[in-house]
Amino acid sequence: MQFNHDNMHGVRLAESLVNMLADGPWDSNALQDLLTGHLFRSPRITPKYQDELREWAVRLQTVFAAEDQEARCSAVNALLAGGVRRVFLTTHDGMLPHLHFADASETLVERVRAVTAGGLAIFMTEAAGERLGVCALRDCGRVFADTSRGGNRAYCSARCGNADAVQRYRGRLRAGYQSQGVLS
Ligand SMILES: [Zn+2]
Ligand SMILES: [Zn+2]
C-alpha cells in the first residue's frame, strides 16, 4: 500500500501530539519543538494555545483508540466538523494536485486542527479504516499510524514490542514454575 506522503503530515502530527500527551510534560517548549519538527515555522505557543492543543490532542486520541471502524469514522467526523473550515486543491512546490485543509492566514491552533483532522480522514480512506492503534504494551498509552507493508503493527515502537515479549516470557516461566510447585 502506498501512502500519499504529503497527506501523512497531519497523521504524523496527530500521532506526535497524542504521544506527547502520553509521555508528558505538556509545556510550551515541548510543544514548540514538536511543531517545529512538523514543519511549523517559528510557532509561538501562548498559554491559551497550549490548553487548546491539549484539548485537541485528547480528541485526536479517540481516533486511535476507537473500538471499530464505525466508531473511528464517527471520531474523525467529529474532528472534521470541529477542525476543518475549508478544503482546497493546491500544486505548491511543483507537486501534483493534492488537498490542503488550512492556509497561512489561519491561527496556529486552527492549522493544527485542520491538518490533523484532514490528514486522518484521508488516511482512513487510504488504509480502509484500519492501521491506527494504541500500543499493545500495557500502560504505554502511545499511539501509531501503521504504514508498514503488512499493516499488522501492534506496538508504538520496537522497544515496546520487545518489552512485551519479555513480560510474556516471564509470565510463562512463572506459570511453569508455579505448576511445578517451585513458586507459590
Ligand atoms: Zn501540500
Ligand atoms: Zn508503546
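The values are calculated or read from the model by the stated rules, or taken from the named source; none is laboratory data. All values reported here derive from a predicted model rather than from experimental measurement. Every residue, glycine as well, gets a Cβ built from its backbone with ideal geometry; the counts of neighbours run over all protein chains shown. Side chains included, ligands, DNA and RNA excluded: accessible areas come from the protein's heavy atoms. Shrake-Rupley method; radii C 1.70, N 1.55, O 1.52, S 1.80 Å.
Taking Cβ separations below 4.7 Å as the criterion for a possible disulfide partner, the isolated cysteines in the chain are CYS73, CYS160. The amide H of VAL143, built 1.01 Å from its N in the peptide plane, has ASN19, CYS135 as neighbours under 5 Å, considering only residues 5 or more places off or on other chains. Axis angle, to the nearest 10 degrees, between helix 47-65 and the longest C-alpha principal axis of the chain: 60 degrees. Each principal axis of the Cα cloud of the chain was taken in turn, and the coordinate range along them, longest first, works out to 70, 38, 29 Å. The share of accessible area on the chain that comes from carbon and sulfur is 50 percent, using a 1.4 angstrom probe.
Specify the longest stretch of the chain that does not include any exposed loop site, a site being one of the GluC sites (Glu not before Pro) with a non-H, G, I, E, B DSSP assignment and at most 14 other Cβ atoms within 10 Å. Answer from the scan: 1-66. In this structure VAL58 has an accessible area near 80 Å², from a 1.4 Å probe over the protein heavy atoms.
Length gained on full extension, ASP33 to ALA136: 34.4 nm, using 0.36 nm per residue less the C-alpha separation.
With a cut-off of 13 Å between beta carbons, the residues surrounding LEU60 carry a summed charge of +3, where Lys and Arg count +1 and Asp and Glu -1. Our summary gives the chain a relative contact order of 23 percent, counting only alpha carbon pairs under 8 angstrom and 6 or more residues apart.
Take the Cα of ARG41, step 7 Å toward its Cβ, do the same at THR107, and the gap between the two points is 2.1 nm.
Which residues in the stretch 39-59 place their backbone N less than 16 Å from a point set 7 Å from the Cα of MET95 along the Cα-to-Cβ direction? Residues 39-41 fall inside that zone.
When the trypsin sites (Lys or Arg not before Pro) in the stretch 81-166 are filtered for DSSP coil states and for at most 13 other beta-carbon atoms within 10 Å of their beta-carbon, the remaining sites are ARG85, ARG86, ARG138, ARG149. In the chain, the longest principal axis of the Cα atoms and the axis of helix 108-126 are about 60 degrees apart.
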